[in-house]
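We did not get these values from a lab; they are worked out from the coordinates using the rules stated. The structure presented is a predicted model; accordingly, all values stated were derived computationally and were not measured. FYI the Cβ positions are ideal-geometry reconstructions off the backbone, even for glycines, and counts take in every protein chain you see.
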Amino acid sequence: MDAIKLLTQQHREVEDLFTEFEEMGEGETAAREQLCQKISDALAVHITIEEQIFYPATKGARTEELLREAVEEHLAAKRVIADLLQTGPSDAQFSARMKVLQEQIEHHVKEEEKELFPAAKKVLDRDQLEELGDEMERLAKELSEAGEPRMAVPDETDRPAPI
């Protein structure tokens, strides 16, 4: 699958999960916690494949400033995820943290889709995008199959990923 299509598909999936979370009642603590874990896992995988594969491949598209901002946004999201992992849905800050995470991700997605992806399309041809997508799919599958990718996030909150 084309790398940009894969990332865009993942964006829509996470948006749907956030919508599902918003529609849950405060009293559905077990379901809210499971959905938070699902969102955190999806974001952990997505962030990892972007930082390890997609971002390095797009560096030649004169996107260095966009990439610096993107890894800072990832770092902020990782910190919120790490905080969420330390609290549960019964914590007074849980819903607020989920909302902050959602807003951060929405902002990040908008910038990627309007700025980074068009820039990447200018320097990567169809075959390159397909190769990247295949590599990203393999890594995403590996991370998911290893189980609970969110659990690696707290160890990644001290500085942004290198670009």
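Structure notes:
- Among 28, 111, 131, the residue with the largest mean-square fluctuation in a Gaussian network model of the chain, with springs joining Cα atoms closer than 10 Å, is 28.
- Pairs of Cα atoms nearer than 8 Å and 6+ residues apart set the relative contact order; for the chain it is 45 percent.
- Candidate cross-link partners of residue 78 among the lysines, defined by an alpha-carbon separation under 26 Å and a same-chain spacing of 8 or more, comprise 5, 38, 59, 99, 110, 114, 141.
- Counting only DSSP H runs of at least 4 residues, each contributing -39500 (n - 2.57), and dividing by the residue count of the chain, the helix-based mean residue ellipticity at 222 nm comes to -23500 deg cm²/dmol.
- Using the average count of surrounding beta-carbon atoms within 10 Å as a protection proxy, the listed peptides 47-56, 97-106 rank, highest first, as 47-56, 97-106.
- Sites residue 135 and residue 33, calculated FRET efficiency, Cβ-Cβ separation with R0 35 Å, nearest 0.05: 0.60
- Label-to-label distance, nm, for residues given as residue 72 and residue 92 (7 Å Cα→Cβ offset): 3.2 nm
- With the simple model of a label 7 Å out from the Cα in the direction of the Cβ, residue 152 to residue 100 spans 2.5 nm.
- The Cα-based radius of gyration of segment 12-60, divided by its Kirkwood radius, gives an Rg/Rh of 1.18.
- Segment 1-124: proportion of alpha-carbon pairs further apart than 26 angstrom, %: 24 percent
- Nearest-ten-degree value, helix 29-49 long axis tilted from longest Cα axis of the chain: 20 degrees
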